[in-house]
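Structure, as structure tokens:
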Amino acid sequence: MSSRSSATDTGFRRAGVKALAKINLALKVLNKRPDGFHDLRTMFQTVSLSDAIDIGFQPGGPTAIEVESSIEIPDNLVFRAAQAVMRLPGAGGGVRIRLRKNVPMGSGLGGGSSDAAAVLLALPVLTGRRIALETLLCLGAELGSDVPFFLLGGTAVGLGRGTELYPLPEMPRANLVIVAPGIHVSTPEAYTLLSRELTTDSVSHTINIFQSVVWTMADSRSFENDFEAVVFRRHPQLQLIKQKLLLAGAVRAMLSGSGSAVIGVFDDAGTARRVAESFDGYGFPARIVTRARYRAMWWRQLAAHIDGKVWPPKSRYAE
Ligand code: C5P
């Protein structure tokens, strides 16, 4: 997309939106399923680290989708999400998306999934499509296991392959340090490594551990991520980062998703900022973003184009 034909052209509807990252406060992997995915139990949480997306739509004419990204991304989920929306009944036209990546890729922070979900939330609003939440959740699950969560935000429990989601009470405010050391961990590879160590006997034990974690959410020290053992074995430097965070005063530190990001939770914002800086360019201070704040952020971002404050955001251009 050239700057001359920017989304401010007459007749262009545009919105600048943030696509937040997520962390997994707990992640237990149960078993491999016949469809190749693993059943899991996880606790998702949206956090303030974000990509920036500018989405424009010009009604009229045949549908044409252009995506420009600050980093080359093969098979960009943003493009596939836009295609999925434009295939649904509604007006055709020009879709222009400009993506600025800040969330490190291959780090278990869900950046690509969040970008896709942001398109699923914003583009129907700009194009005048009113799409039911269940349809959006289906489209999201087709794009990736973490996409549906970003259609809801806040704190949620994820079951099945991670796409069956239920809200949990909001987490108390926390000061996070997200350390993303630029190591790309392949998610399928991490699942394969972990899969070799799963036994049928361990399933009920794993479910019991997860249950106790969810019921004792306030005691954040009990959170666990099953990927740590296999991913730390392959990348010992990630375990050193976890130890460094704990030594620096984190009340808890753990891998997010299948990594490579490691998260530290701090009681005090000043300490968290200083610790983030000590990681020289790959440590980011962040906050937990509750569901209420997530939704308020979305309504604000789409304010010029929505009708009331309902979820998912409702287009004012719909017939
Ligand atoms: O759904 P997504 O594209 O994010 O998944 C990437 C890969 O991670 C899958 O192809 C699969 O190998 C693995 N995966 C899994 N079980 C899950 C989620 C992901 O085995 N619940």
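Numbers for the structure displayed
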{"item": "Hits in region 245-269 (condition: open to solvent by 70 Å² or more (accessible area, probe 1.4 Å) and in contact (Cβ under 8 Å) with a residue 40 or more places away in the chain)", "result": "267, 268"}
{"item": "Selected residue (only one of 111, 106 is crowded, with 20+ Cβ neighbours inside 10 Å and either under 16 Å from residue 48 (Cα atoms) or out of contact with any Lys or Arg (no Cβ under 8 Å at 6 or more places or on another chain) (or both))", "result": "111"}
{"item": "Odd one out for residue 166 among (1) in a strand (DSSP E or B); (2) in contact with a Lys or Arg (Cβ under 8 Å, 6 or more places away or on another chain); (3) closer than 20 Å to residue 41 by Cβ", "result": "(2)"}
{"item": "Close pairs (9 angstrom Cβ cut-off, 6 or more residues apart or separate chains): open to solvent by 40 Å² or more (accessible area, probe 1.4 Å) and hydroxyl-bearing (Ser, Thr, Tyr) in region 185-196, more than 8 Å from the ligand (Cβ to nearest atom) and assigned to a helix (DSSP H, G or I) anywhere", "result": "191/227"}
{"item": "Members of region 82-103 that are open to solvent by 50 Å² or more (accessible area, probe 1.4 Å) and either closer than 30 Å to residue 256 by Cβ or among the basic types (Lys, Arg) (or both)", "result": "83, 87, 98, 100, 102"}
{"item": "Residue 58 being crowded, with 22+ Cβ neighbours inside 10 Å, at negative phi and part of a strand (DSSP E or B)", "result": "no"}
{"item": "Options 221, 196: the member that is charged (D, E, K, R), out of contact with any helix residue (DSSP H, G or I) (no Cβ under 8 Å at 6 or more places or on another chain) and either within 16 Å of the ligand (Cβ to nearest atom) or modelled with pLDDT of 90 or more (or both)", "result": "196"}
{"item": "Scope region 15-38; condition within 16 Å of the ligand (Cβ to nearest atom) and either surrounded by 17 or more Cβ atoms within 10 Å (Cβ to Cβ) or under 30 Å from residue 306 (Cβ atoms) (or both); matching residues", "result": "19, 21, 22, 23, 24, 26, 27, 28, 29, 30, 38"}
{"item": "Residue in region 127-138 that is touching a Leu at 6+ places or on another chain (Cβ under 8 Å) and under 19 Å from residue 39 (Cα atoms) present", "result": "yes"}
{"item": "So residue 180, is it small (Gly, Ala, Ser), under 22 Å from the mean Cα position of the chain (by Cα) and away from the ligand (no atom under 16 Å from the Cβ)", "result": "yes"}
{"item": "Cβ pairs under 7 Å, 6+ apart, first in region 104-116 and closer than 22 Å to residue 138 by Cα, second of a type in the set (Asp, Glu)", "result": "110/146; 111/51; 113/146; 114/51; 115/51"}
{"item": "Filtered residues of region 73-89 (kept if part of a loop (DSSP other than H, G, I, E, B) and within 18 Å of residue 53 (Cα to Cα))", "result": "73, 74, 75, 76"}
{"item": "Qualifying residue in region 285-302 (condition: among the small types (Gly, Ala, Ser) and open to solvent by less than 20 Å² (accessible area, probe 1.4 Å))", "result": "yes"}
{"item": "Residues of region 87-113 that turn out to be of a type in the set (A, V, I, L, M, F, W, C) and modelled with pLDDT under 95, as a count", "result": "2"}
{"item": "Subset tally (residues that are more than 10 Å from the ligand (Cβ to nearest atom), of a type in the set (Val, Ile, Thr) and open to solvent by less than 10 Å² (accessible area, probe 1.4 Å)) for region 134-161", "result": "1"}
{"item": "Cross-chain or 6+ apart pairs with Cβ under 7 Å, region 270-295 first and aliphatic (A, V, I, L, M), then surrounded by fewer than 16 Cβ atoms within 10 Å (Cβ to Cβ)", "result": "288/173"}
{"item": "Yes/no for residue 122 being assigned to a helix (DSSP H, G or I) and within 13 Å of the ligand (Cβ to nearest atom)", "result": "no"}
{"item": "The one condition in (1) outside any loop (DSSP other than H, G, I, E, B); (2) touching a His at 6+ places or on another chain (Cβ under 6 Å) that residue 183 fails to fulfil", "result": "(1)"}
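The values are calculated or read from the model by the stated rules, or taken from the named source; none is laboratory data. Treat the numbers as computed from the prediction; the structure is a model and nothing was measured. Note: ideal-geometry Cβ built from the backbone for every residue, glycine included; neighbour counts use all protein chains shown. Please note that ligands, DNA and RNA were not included when accessible areas were found on the heavy atoms of the full protein model with its side chains. Shrake-Rupley method; radii C 1.70, N 1.55, O 1.52, S 1.80 Å.
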